[in-house]
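The values are calculated or read from the model by the stated rules, or taken from the named source; none is laboratory data. Predicted, not measured: the structure shown is a model, and the values here were computed from it. All Cβ positions, even for glycine, are placed from backbone atoms using ideal geometry, and neighbour counts span all protein chains on display. In case anyone asks, the SASA skips ligands and DNA or RNA and just uses the protein heavy atoms, side chains included. Shrake-Rupley method; radii C 1.70, N 1.55, O 1.52, S 1.80 Å.
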Amino acid sequence: MDTTPESYLDLFPLEAIVYLTPDSENVLEDIDPDKVYVLGGLVDESIHKQLTLRRAQEQSLRTARLPIREYMVKAPNSRNYYSETLAINQVFDVLCTYYETRSWPAALRAGISSGKGYVLPDTAKH
C-alpha cells in the first residue's frame, strides 16, 4: 500500500473513480481492476447521514454500494437494528474477499458482523 497527502481527485481521472457509500442507489456488482474505489469513511453514522453520497456528488464521482440488500436478509433481533453502514476495515475485508472468491455471499459473510442486523439467507433463523 502506498500513502500520499495528495487527493485521489488529483491522482486519478474522475471517470476511473467509484466512491463507495451505503447511500448510493447503484449496486456494486463486480470489481473492475481499471477503477479506483474510494471507501467513504465516517465516525458516527447517525449524525452524518448521506454525507459520503453528497461528497461524491459534489465531486461528480460515480457511486456504488455493497450488495447487502441483494444477498442478505434482515435477521430478527431484539433491538430491531439494521445498518448497511460499515467500518472501513469491514468494507475492505468484503472487497478483498470478493476479489479473491468472486462470491458476494462469501465476501459479505467475511466482512459483515451479525451485529449489523443482516445475515445470509441460509443462516437466518426466525
Q.
What's the magnitude of the charge dipole for the stretch 1-110 around its Cα centre, counting Lys and Arg as +1 and Asp and Glu as -1 at the beta-carbon? Answer in Debye, nearest 20.
A. 540 debye
Q. What list of ³J(HN,Hα) couplings, whole Hz, do you get for the stretch 15-21 from phi and the Karplus terms 6.51, -1.76, 1.60, once you set θ to phi - 60° and write x for glycine and proline?
A. 5, 8, 8, 10, 8, 8, 8
(Q) Please compute the length gained on full extension between Arg55 and Thr123, using 0.36 nm multiplied by the number of residues separating them and subtracting their Cα-Cα distance. (A) 20.9 nm
**Q.** Net length gained if the chain between Asn80 and Asp32 were fully extended (0.36 nm per residue, minus Cα distance)
**A.** 13.8 nm
Q. Sequence-distant or interchain residues sharing an amide H contact under 5 Å with Val27, placed H: which?
A. Arg65
Q) Accessible surface of Glu100 in the full protein assembly, 1.4 angstrom probe, to the nearest 10 Å²? A) 150 Å²
Q) Counting DSSP beta bridges with both partners in the chain, what percentage is antiparallel, nearest 5? A) 20 percent
Q: Could you run the Debye sum over the Cα atoms of the chain, one equal point scatterer each and no solvent, and tell me log10 of I(q)/I(0) at q = 0.16, 0.17, 0.19 Å⁻¹, two decimals?
A: -0.82, -0.92, -1.12
Q. Helix 88-101 versus the longest principal axis of the chain: what is the Cα-based angle in degrees, 0 to 90, to the nearest 10?
A. 90 degrees
Q) Lysine pairs in the chain with alpha-carbon atoms under 22 Å apart, 8 or more places apart or on different chains: how many are there? A) 5
